[in-house]
Amino acid sequence: MKIGLISVDGHSYPNLALMKISAFHKTQGDSVEWANHLEHYDVVYKSKVFTFTPDDTTHIDAGEIICGGTGYDPKKALRYDVDRMFPDYSLYPYQLHEMYGFLTRGCIRKCPWCIVPIKEGNIRPYNDIEEIARGFSRVVLMDNNVLASMHGLRQIEKIIKLKIKVDFNQGLDARIIAQSPDIAQLLARVKWLKPLRLAMDSEAMMEPVRKAVDLLRRYGASPSRFFTYVLATELEDTYRRVNFCKSISVDPFVQPFRDFTPHQVIPQWQVDMARYTNRRAILKSTDFKDYRPRIGFKCSQYFNSDNL
């Protein structure tokens, strides 16, 4: 068969599901390529991660089109034998310098804004670092809460032994680190590929983040920088969390709140807060209230509720 693939969200980040689908079909003797409107395909697979990504592929000529990913249906998963395939990295020959994968799936938390409890359920073992790395020394891991799993902690010990540089790109749970000096000591032995990422989605997370960062620094953790994901919810709350991060020398990264509806309108203050915070030069040189994203507008005006 002739198989076409479409990453609806684009190609700026490797699509692991499509890489596994490609690997599976190639073992069946099928030809696989990125789909285009000049060709006819027996089957086209469309993967969409985000509900807000525009999706117009009506020009695709295919006998069957199969849609998957959180952007279509969070409960739809790859078939087991496809999911266990080693990803086809040849789809991204000029982009990949690391291997990608999950050590665990799921999460112990039930955060109301998060799709993981619906999509993956409670945390469980999923893979071994050696199966993901295949001899590579650089690995990006996409676990949602690896520290909440004994399997995950054993895998981190293995990562240290194998001297693999890693990036847990979804962030680590500061609450678990803050409550366990042993885990902080373990993480201090990891070679970090990118910043050590934590999540701070509410003001209740400020103290756990402070304690976690203090412990990690005390035990000698040496990533290029400490980094926190800040979910933009209420204006005052988000503003306090951003300033808190600055006060403890941790780089915040603001993410506008999304509720997984296709046509959600993001409030302008969240857009401006993200632009302000995520440009480090601006973040370090001024306060958000003094930031002027547009001519004639100063962000202090947002703190009058009539402007939200």
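Derivation of every value follows stated rules applied to the coordinates shown; laboratory data play no part. In this text, all values refer to a predicted model and were calculated from it rather than measured experimentally. Please note: Cβ atoms are built from the backbone with ideal geometry, for glycine as well, and neighbour counts cover all protein chains shown.
Can you tell me which of 215, 235, 38 moves the most in a GNM of the chain? Springs connect C-alpha atoms under 10 Å apart.
Looking only at 215, 235, 38, the largest GNM fluctuation is found for 38.
Going Cα to Cα from residue 2, which lysines come in below 22 Å? Please leave out same-chain ones fewer than 8 positions away.
Straight-distance partners of residue 2: 20, 26, 46, 48.
How big is the charge dipole of the chain about its Cα centre, in debye rounded to the nearest 20, if each Lys and Arg gets +1 on its Cβ and each Asp and Glu gets -1 on its Cβ?
Computed about the Cα centre, the dipole is about 1320 debye.
Specify whether the C-alpha gyration tensor of the stretch 4-62 places it in the rounded, prolate or oblate class, a ≥ b ≥ c being the square roots of the eigenvalues: rounded for a/c under 1.5, otherwise prolate if a/b is larger than b/c and oblate if not.
Because a/c hits 1.5 or more and a/b fails to exceed b/c, the stretch 4-62 counts as oblate.
Separation of the stretch 236-256 and the stretch 60-139 by C-alpha centroid, Å?
Cα centroid of the stretch 236-256 versus Cα centroid of the stretch 60-139: 30 Å apart.
Do any cysteines in the chain lack another Cys Cβ under 4.7 Å, and if so which?
Taking the Cβ cut-off of 4.7 Å, the unpaired cysteines of the chain are 67, 107, 245, 299.
By how many nm would the segment from residue 11 to residue 59 lengthen if fully extended, with 0.36 nm per residue of separation less the alpha-carbon distance?
15.4 nm
For residue 119, give me every one of the aspartates and glutamates with a C-alpha distance below 16 angstrom, ignoring sequence neighbours fewer than eight places off in its own chain.
In chain and number order, the partners are 73, 83, 143, 259.
Working out 0.36 nm times the residue gap between residue 304 and residue 191, then minus their Cα-Cα distance, what length gain in nm do you get to one decimal?
Going from the current span to full extension adds 36.1 nm.
Rank-order 276-283, 139-146 by packing density, defined as the average count of other C-beta atoms within 10 Å over each peptide's residues, highest first.
139-146, 276-283
Which FRET efficiency value, to the nearest 0.05, is calculated for residue 287 and residue 180 with the Förster distance at 41 angstrom and r the Cβ-Cβ distance?
Working from the Cβ atoms, E equals 0.70.
Note down the magnitude of the dipole of the stretch 1-92 about its Cα centre, charges +1 on Lys and Arg C-beta and -1 on Asp and Glu C-beta and zero elsewhere, to the nearest 20 debye.
That gives the stretch 1-92 a dipole magnitude of about 360 debye.
Only Cα pairs within less than 10 Å get springs; with that Gaussian network setup on the chain, which residue of 264, 28, 185 has the largest fluctuation?
Result: 28 has the largest fluctuation of those listed.
If the label point is 7 Å along Cα→Cβ of residue 154, which residues in the stretch 98-142 have backbone nitrogen under 18 Å from it?
Zone members listed by number: 102-106, 123-133.
Set the Förster distance to 35 Å, then compute FRET efficiency between residue 275 and residue 27 from the Cβ-Cβ distance, nearest 0.05.
Efficiency at R0 = 35 Å is approximately 0.20.
Over every pair of different alpha-carbon atoms in the chain, take the mean of 1/r and invert it; report that Kirkwood radius in Å.
Hydrodynamic radius (Kirkwood, Cα pairs) of the chain is 21.3 Å.
Estimate the FRET efficiency between residue 222 and residue 128 by the formula 1/(1 + (r/R0)^6), using the beta-carbon distance for r and 30 Å for R0, to the nearest 0.05.
0.70
Using the Cα centre of the chain as origin and beta-carbon charges of +1 (Lys, Arg) and -1 (Asp, Glu), tell me which of 49, 252, 67 is placed farthest towards the positive end of the dipole.
252
222 nm [θ] for the chain, helices only, -39500 (n - 2.57) per DSSP H run of 4+, per residue, to 500?
The per-residue figure over the chain is -8500 deg cm²/dmol.
Whose amide H sits under 5 Å from the amide H of residue 32, counting only residues 5 or more places off or on another chain, with H placed in the peptide plane?
When sequence neighbours closer than 5 places are left aside, the close amide H contacts are 3.
Amide H of residue 255: which non-local residues (sequence gap of 5 or more, or other chain) have their own amide H closer than 5 Å, using H built in the peptide plane?
230, 231, 232
Below 20 Å, Cα to Cα, which aspartates and glutamates can residue 211 reach? Residues fewer than 8 away in the same chain don't count.
173, 182, 201, 203, 237, 251
Pairing the Cα long axis of helix 268-277 with the longest principal axis of the chain, what angle in degrees results, from 0 to 90 and rounded to the nearest 10?
Once rounded, one gets 80 degrees.
Please work out whether the stretch 190-298 counts as rounded, prolate or oblate from its C-alpha gyration tensor, where a ≥ b ≥ c are the square roots of the eigenvalues and a/c under 1.5 means rounded, while otherwise a/b larger than b/c means prolate and anything else oblate?
Taking the square roots of the gyration eigenvalues as a ≥ b ≥ c, the stretch 190-298 is prolate.
Please work out whether the stretch 1-125 counts as rounded, prolate or oblate from its C-alpha gyration tensor, where a ≥ b ≥ c are the square roots of the eigenvalues and a/c under 1.5 means rounded, while otherwise a/b larger than b/c means prolate and anything else oblate?
Because a/c hits 1.5 or more and a/b exceeds b/c, the stretch 1-125 counts as prolate.
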